[in-house]
Structure formats: structure tokens, C-alpha cells
């Protein structure tokens, strides 16, 4: 099984320095792209590879790039931004890539920036990621000294400046337009689209924002081709995926597996199944802002379309497991508290609806639940759904709640009839 993204990562050791990375085949994609391929050819390879965004939405990467104006009439300044904000609860795959192989990230940025004609790139890094920040700074400095960054890279005439920006930290900064606002020094509030960032993004210039894991696929596609990238997947979407599992399993962690590996295989073979004395009840397949899936969904392949058919979203592909000794109401309360706190406050349904939802769930947990509370929660899942709010924050926050009300409704009802949480003895 091929593991292009994680093959250089050594557990509990410092990552490869530039010499070690080059010996492992590093920076070959930069040489190939800058010396043998035009930006349009790199874009075409990424399009042909069926690479879809790994940040949660799964938008085709090559298509996203194709909206950037190219050619002589294009603006002279363009930006590439790496979304390394990774604030989604239950998600830790990008940290693995950044801390474990920072040169892979730098190489990915150079090739991707070249493909869209960007001359300035930013890594927008979650502020808490202190160790990845240190390792990225070191990799960027080494790449600059070696001439992979800066002016006239490898004599190709292509210039690129790379900055590392550590964020002050808000979940909303993972939304690409809020991230751009934050990078400009403004309040992190999403923007109305259109215009899309590819046309008018950072400081009004064409900008592409991609997730860490998405971009890390690009050098491997350039080195080995689109057909190879499709061949290592078990689904229509190309490539491998870093899947993660947290919760009461025997071996929580993250593994690079073919895209489309089933939930059951990830859970039982890689995470070792449930811990002794715990039974599986459900899972959030891709971080906190995805809908619960249950036992009947275990044989679903973890790819964007299959998980959507099952009624959820693949999101980041890092699943959070609910066991039979944990309260689904308590879990939802915990998540909604986070989402309420992280609302940017820009639109009313989200700013006022999420704290309201959180208060109702807290009342249920505290044994203060009243008849009508579940109808109230149902109403919120509709009023905060897709298309009712300025961005996808509130609809994402409603995903675990609406699905918990569907699959674990008697747990919610027991909180009202017994006037306490049945899980707290």
C-alpha cells in the first residue's frame, strides 16, 4: 500500500532536514515543474488526478485553480494561502503532516504557487501549533538558503516569497474568506461570495486557499502522474487520505489509507475496535461539524460521495466515536458550546441561535428539561440550516445535533422524563 504523504514521517523524532528530504526524493517535483512543465500543465495534471479538497468540503482542486486568471492580462500579484488553521474538534491530520514532514509542505507550496502564477504564499497556521511552527520556520530557512524560495528559483525566472503567519485563533478562520480577512488584519468575518477569492481575495487580488493535506498531494501528482494518483484510491476521488479516529477505541490515531477505505476497516483494523467494556453507538465521520452515522453505516466507504449518500459529510475524515457509556446529549451539548463560542457574530441566526441551542441542551443535562424542548431543538436545526445563515458555521454546528435527535431521540426524551442525565450515576 502506497503512503506518499506520510512515508517520511518518523514517530517521536525530528523531521527530515533538507539534505535528508532531498535524498528521499524531495524537491524533484519543483525541478520537474519549473524546468519541464508550464503552469497550465501542472494545473491539468491536478485536474486529471481527481484530487478533491481535504479540508472538509471536497471541492475539486484543479477546478478551483482553474478560476484564477492566467496569462498576460492577469493581475501581476497573486497569492496562495495554506489553510493550516485546523480548529475542527476531533481533527489532527494536518498537524501530523506539518510537524512530521515540513519540507513536503514547502515543496507543495512552491509547485502549487507556480501552477497558479502566485508570487507570494502564506501558511496560515493555528496559533497553538507551536512545534509545527518551529519546524516550518526551519524548513523555510533551509529552502531559502538552497535557492528553492526567493528570486529566480533554479534559474527558471520564477520568484516566490513564503511567509508563515501564526493565527490568533478562531474556528471561523478555517472558512477561507474569514481567513483572508484575518490575514489582512481585520476581524475574522466571512465575506459574501461572489466575488470568490480566486478572482478577488487577499487585498483584492486573485487568491487560492487550500488545506494542508490537499496541497501535500500535489508534488506526488507532478512526480508520478495523474493516473498513478487515481490508481492508489478505492473510489472515484484520487489518492490516499489521512483518516483519524478518536474516542474509546483501543488504538486512537491517524493512518494514511486509500481514499474510499470503509469505516469498518478503519475502526476495526487500524483503531483496533472498541476498548474492553465499551460498545459502539455512533460516530461523527469527519470532525465535529458532520452528522452522526450509526451501526448500519459501518460498511460505507470513506469518500465524499458515499458518506454524503449515507446522510453525512466526510469533512476532514477524522472520526469521533460515541460509545454506549457516553451520553449523546452531553456530547452534543459539549459541541454546541464550542460552536456557540466560536460564532463570529456576524449573522443573527448563528449569533443568537447557537447559544440558545446550547442553553436548552444544558438544561436537559442538568435535569431541567421541559416538554417542548426537543421541538425547540428541531426548530433550531431547521432555522440554522444551509442557506439560512451567512456562512456554513451554523449549519455545520447543527449537523451533530439534528442527527443525534434522529438516532438517539430516546436518550433526549429520557433526560426530560427522568429529569436527569441517565449516564451520570
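The values are calculated or read from the model by the stated rules, or taken from the named source; none is laboratory data. Keep in mind that what you see is a predicted model, and the values were worked out from it rather than measured. For neighbour counting, all protein chains shown are included, and Cβ atoms are generated from backbone atoms with ideal geometry for every residue, glycine included.
Table for the structure above
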| quantity | calculated |
| --- | --- |
| In the stretch 194-215, the residues that are touching a helix residue (DSSP H, G or I) at 6+ places or on another chain (Cβ under 8 Å) and free of Cβ contacts under 8 Å to residues at least 40 places away in the same chain | 197 |
| Residue match in the stretch 299-308 (condition: at pLDDT 95 or above, outside the structural domain of residue 90 (by TED's automatic domain parsing) and farther than 25 Å from residue 397 by Cβ) | yes |
| Members of the stretch 58-75 that are in contact (Cβ under 8 Å) with a residue 24 or more places away in the chain and either surrounded by fewer than 23 Cβ atoms within 10 Å (Cβ to Cβ) or part of a helix (DSSP H, G or I) (or both) | 58, 61, 64, 65, 67, 69, 70, 74, 75 |
| Condition broken by residue 375, with the remaining ones in (1) out of contact with any helix residue (DSSP H, G or I) (no Cβ under 8 Å at 6 or more places or on another chain); (2) in the same structural domain as residue 259 (by TED's automatic domain parsing); (3) farther than 29 Å from residue 84 by Cβ satisfied | (2) |
| Residues being within 17 Å of residue 297 (Cβ to Cβ) and touching a residue at least 24 places away in the same chain (Cβ under 8 Å) - total across the stretch 235-268 | 12 |
| Spans of helices (runs of 4 or more DSSP H) in the stretch 151-253 with at least 2 residues under 24 Å from residue 392 (Cβ atoms) and at pLDDT 95 or above | 176-183, 212-216 |
| Total residues in the stretch 202-228, condition within 16 Å of residue 61 (Cβ to Cβ) and touching a strand residue (DSSP E or B) at 6+ places or on another chain (Cβ under 7 Å) | 8 |
| Selection from the stretch 229-253 of residues that are within 17 Å of residue 62 (Cβ to Cβ) and surrounded by fewer than 19 Cβ atoms within 10 Å (Cβ to Cβ) | 236 |
| Tally, over the stretch 364-378, of residues that are surrounded by 12 or more Cβ atoms within 10 Å (Cβ to Cβ) and not in a loop (DSSP other than H, G, I, E, B) | 7 |
| In the stretch 126-150, the residues that are surrounded by fewer than 18 Cβ atoms within 10 Å (Cβ to Cβ) and assigned to a helix (DSSP H, G or I) | 130, 131, 134, 137, 138, 141, 144, 145 |
| Options 256, 213; residue that is assigned by TED's automatic domain parsing to the domain that holds residue 312 and buried (at least 21 other Cβ atoms within 10 Å of the Cβ) | 256 |
| Selection count, the stretch 14-33, where residues are part of a helix (DSSP H, G or I) and crowded, with 21+ Cβ neighbours inside 10 Å | 4 |
| Any hit, the stretch 404-418, residues being surrounded by fewer than 23 Cβ atoms within 10 Å (Cβ to Cβ) and not in a helix (DSSP H, G or I) | yes |
| Qualifying residue in the stretch 82-104 (condition: under 19 Å from residue 194 (Cα atoms), surrounded by 24 or more Cβ atoms within 10 Å (Cβ to Cβ), assigned by TED's automatic domain parsing to the domain that holds residue 148 and under 20 Å from the mean Cα position of the chain (by Cα)) | no |
